[in-house]
Amino acid sequence: MALKEGDKAPPFTLPSSEGGNVSLEALRKERWVVLYFYPKDDTPGCTKESCDFRDLNKRFEQAGAVIVGISPDGLSSHQKFAAKFTLPFPLLSDEGSKVATAYGVWKEKSMYGRTYMGIERTTFLIRPDGRLARLYPKVKVDGHAEALFADLTALRQNKSASAKSVR
């Protein structure tokens, strides 16, 4: 069954490029989580997407969100990629693609007539309560980080307006 807005985000704990393990539970403590799945470190689309999130990271932090990237690459690859492009957020290693499978982004792909399994570039915006606020499947990189930030801002304003009207 595919995930949809309002569903509880599948829990995970994965090794981080910044050392140790990172869990969704720890990430979302009173924060929104921008969880982006990308196919491979240091490839053109993945680099652009990661750098776009890097460039907006301070704005996301000020809006109460944390960014985290997940791919099937190993920790050594993640550490080199993060260092090369000065990425200020953790990249998590999903070797074996169990978390990607749980999120429904580990899919059959094809290129030049050859089929293989891989990540479908997808981003999830997760509320502090652990529920999926927005899903962005088959991401087109150009403008994605900016559009996601606009959605986060709108969702937070709607939540604030709802909370004020209840008082």
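A DSSP coil position with no more than 12 other Cβ atoms inside 10 Å describes the following trypsin sites (Lys or Arg not before Pro) in segment 1-82: Lys4, Lys29.
Spin-label model, Asp142 to Gln62: label points 7 Å out along the Cα-to-beta-carbon direction sit 2.7 nm apart.
What's the FRET efficiency of Arg114 with Lys29 using the Cβ-Cβ distance as r and R₀ = 45 Å, to the nearest 0.05?
Details: r = 43 Å, r/R0 = 0.95.
E(calc), rounded to 0.05, equals 0.60.
Mean separation of Cα pairs under 8 Å and 6 or more residues apart, divided by the residue count, gives segment 38-111 a relative contact order of 30 percent. The phi-based Karplus calculation (6.51 cos²θ - 1.76 cosθ + 1.60; θ = phi - 60°) puts the 3J(HN,Hα) values of segment 135-144 at 10, 10, x, 6, 4, 9, 5, 4, x, 5 Hz, whole numbers, x for Gly and Pro.
Leaving ligands, DNA and RNA out of it, report the carbon-plus-sulfur percent of the accessible area of segment 46-154 at a 1.4 Å probe.
53
Under 5 Å between amide hydrogens, built in the peptide plane, is the criterion, and for Trp32 it picks out Ala65, Val66 among residues at least 5 positions away or on other chains. When the square roots of the Cα gyration tensor eigenvalues are ordered a ≥ b ≥ c, the ratio a/c for segment 11-101 is 1.5 or more and a/b does not exceed b/c, which makes its shape oblate.
The values are calculated or read from the model by the stated rules, or taken from the named source; none is laboratory data. What you see is a predicted model, and the numbers here were worked out from it, not measured in a lab. Using ideal geometry, Cβ is built from the backbone for each residue, glycine included, and neighbour counts are taken over all protein chains shown. Heads up: the accessible areas ignore ligands, DNA and RNA and are worked out on the full protein's heavy atoms, side chains in. Shrake-Rupley method; radii C 1.70, N 1.55, O 1.52, S 1.80 Å.
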